[in-house]
Amino acid sequence: MSNEKTLVLVKPDGVQRGLIGDVIGRLEKTGLKIVGLKLIKINDELAGKHYAEHKEKPFFEGLVKFITSSPVVALVLEGNNAISVTRKTMGSTNPVDSPPGTIRGDFAIDLGRNIIHGSANETDAKREVDLFFDENELSQYSRSNDEWITE
Ligand code: IDP
Ligand code: MG
């Protein structure tokens with residue numbers, strides 16, 4: 001789809017390691033527009049909803065413990081193909097398989113400490129944006145350089 005919104009989290013490891021600026025900077029430079037942004041501590045309930053698809057997986061308990069262990073930065077990015085552009089910029093789930101130049105490839109070496117979350121598809125993106133942001137926390141605005149980013 002053309003204009004999309006996607007949810008990104010700078011996970012606890014990214015916050016603790018001082019990588020918030022690097023991660024957001026890379027995403028910003030793609031041309032995607034930040035329309036929501038906040039620092040929050042995820043509780044068990046929100047973690048369970050966010051990672052519902054992984055409830056039966058052996059790593060679920062560790063994943064919830066990790067994602068609730070420290071604040072995260074939650075972002076909503078908007079733009080043409082925001083979901084796939086963000087996933088491409090992030091790299092693969094396992095940093096070991098992520099090429100240099102991607103966020104996970106450059107900043108991480110462990111599957112369970114991979115710095116960033118990004119929605120996987122349109123259905124997940126809608127659900128996750130609603131889970132983390134109220135409507136009134138999202139901004140609609142234009143930038144003076146929008147015509148230089150999108151034809
Ligand atoms: P994604 O974050 O690239 O969408 P998912 O498969 O949705 O990857 O998994 C969610 C998160 O769970 C991953 O980012 C990673 O932190 C963690 N994870 C996934 N698979 C494993 C595993 O086999 N062991 C430990 N952690 C895992
Ligand atoms: Mg996923």
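One table, with the values for the structure above:
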{"read-out": "GNM flexibility winner over the chain from ASP124, ASP110, ASP134 (Cα, springs under 10 Å)", "value": "ASP134"}
{"read-out": "Long pairs among LYS33/LYS65; LYS29/LYS65; LYS5/LYS49; LYS29/LYS55, criterion Cα-Cα beyond 29 Å", "value": "LYS33/LYS65; LYS29/LYS65; LYS29/LYS55"}
{"read-out": "SER119, SER70, SER144, SER98 arranged by Cβ crowding within 10 Å, fewest neighbours leading", "value": "SER144, SER70, SER98, SER119"}
{"read-out": "Farthest toward positive dipole pole in the chain [+1 Lys/Arg, -1 Asp/Glu at C-beta], among VAL73, ILE34, GLY112", "value": "GLY112"}
{"read-out": "For the chain, Kirkwood radius (reciprocal of mean inverse C-alpha pair distance, Å)", "value": "15.7"}
{"read-out": "Ranking of THR102, THR6 by count of other Cβ atoms within 10 Å, fewest first", "value": "THR102, THR6"}
{"read-out": "Quotient of C-alpha Rg and 2.2 N^0.38 Å, computed over the stretch 1-75", "value": "1.20"}
{"read-out": "Computed label-point distance, nm, for sites ASN81 and LEU138 using a 7 Å Cα→Cβ extension", "value": "2.2"}
{"read-out": "Label-point separation, LEU37 to ASP146 (7 Å along Cα→Cβ), nm", "value": "1.8"}
{"read-out": "Taking N as its residue count, the alpha carbon Rg of the stretch 62-128 over 2.2 N^0.38 Å", "value": "1.14"}
{"read-out": "Gain on full stretching of the segment that runs from LYS55 to SER92 - 0.36 nm per residue minus C-alpha separation", "value": "11.2 nm"}
{"read-out": "The stretch 1-139: relative contact order as a whole-number percent, Cα under 8 Å and 6+ apart", "value": "38"}
{"read-out": "Charged-residue dipole, Cβ positions (Lys, Arg, Asp, Glu), the stretch 1-106 about Cα centre, Debye nearest 20", "value": "160"}
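We did not get these values from a lab; they are worked out from the coordinates using the rules stated. Please read these numbers as outputs of a predicted model, since none were measured by experiment. Every residue, glycine among them, receives a Cβ derived from its backbone with ideal geometry; neighbour counts consider all protein chains shown.
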